[in-house]
Every structure is written in structure tokens, then in C-alpha cells.
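Data first, discussion second: the structure below is written as C-alpha cells.
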Amino acid sequence: MLAVLMMGLATVPASATTSTWTLNDIGQKFCVPAGGTQSYLLVQVSGTWTTTLRYGVRKLPPGSSSTEGTIQPGSNDTHIINGFIGVTYAAAPAGDYNAEVWATDGKVTQTAPVLLRYGKGYACW
């Protein structure tokens, strides 16, 4: 099931122009072996935007790294993934870690949660 929830953090005063795009929470969960691995996270922005959007991921376990990307001005519905984030997950103790995919137009930053479950193997759900 594709959840369309917006978790956002506005970084501009309430009197500023309201954006018409949304970073969608697509319910991302990822099983990570305790020794770490590499993978991709997805970015889905819907609505309309007139400036280039930047995106990435934050709150990864220490030692992890990731790429960032951009989405050119345009529009999208909730059927298309419009960004990918390459992630190298560092080794970490078993347990759940809460990362966030973020997107910004330079005025507004929105986030969506990503659950990382570190443990043995890939059958963690």
C-alpha cells in the first residue's frame, strides 16, 4: 500500500508563498545486514514546482554515506518515482534506525521516514 503522507518542516515564514509539491511517504523499509551493505532509496515528489528540487537522506547510522540529487522543474503524480539515492550503509548493532529522505526547493524542506532494520540476513519483516 502506498501511503501518501507528508511530513514537512517549513523553513520560511507563514506569509511566504505556499509550495505546491509534496515529498510523499511511500512506506520505505529496508533490511540491512549487521555488517552493512549498499542499496538505493526512492524519492517520490508529486504536485508542481517551478524551481529545481534537491534531495537526499539524513539520520543514517554513523559511518554511512549517500548521494544527493536534483529534480528539474515540472510536475508529477503519485505513480512515478522521480529520484534515487545511492546509500552505503555502515556496519551497526542490530536494531531499528530511523532515517529521513528529504527534499527542498530552497525555501521549504520536507521529509519522509525510512525504517532501517539492522540484523541477520534479509528476512527481517
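None of the figures in this text is laboratory data; all of them are computed from the coordinates on show. For clarity, every value in this text was computed on a predicted model and none was experimentally measured. Every residue, glycine among them, receives a Cβ derived from its backbone with ideal geometry; neighbour counts consider all protein chains shown.
Note down the nm distance, to one decimal, between modelled labels 7 Å out along Cα→Cβ at THR50 and at THR20.
Result for the modelled spin labels: 0.9 nm.
At most 15 other Cβ atoms within 10 Å and a DSSP loop assignment: could you name the trypsin sites (Lys or Arg not before Pro) in segment 39-122 that fit?
Qualifying residues, ordered by number: LYS59, LYS107, LYS120.
Determine, from the Cβ-Cβ distance of SER75 and ALA34 and an R0 of 35 Å, the FRET efficiency 1/(1 + (r/R0)^6), rounded to the nearest 0.05.
Efficiency, rounded to the nearest 0.05: 0.25.
Enumerate the amide H contacts of ALA92 below 5 Å, restricted to partners 5 or more residues apart or on another chain; note that Pro and chain-start residues carry no placed amide H.
Here GLY36 satisfy the definition.
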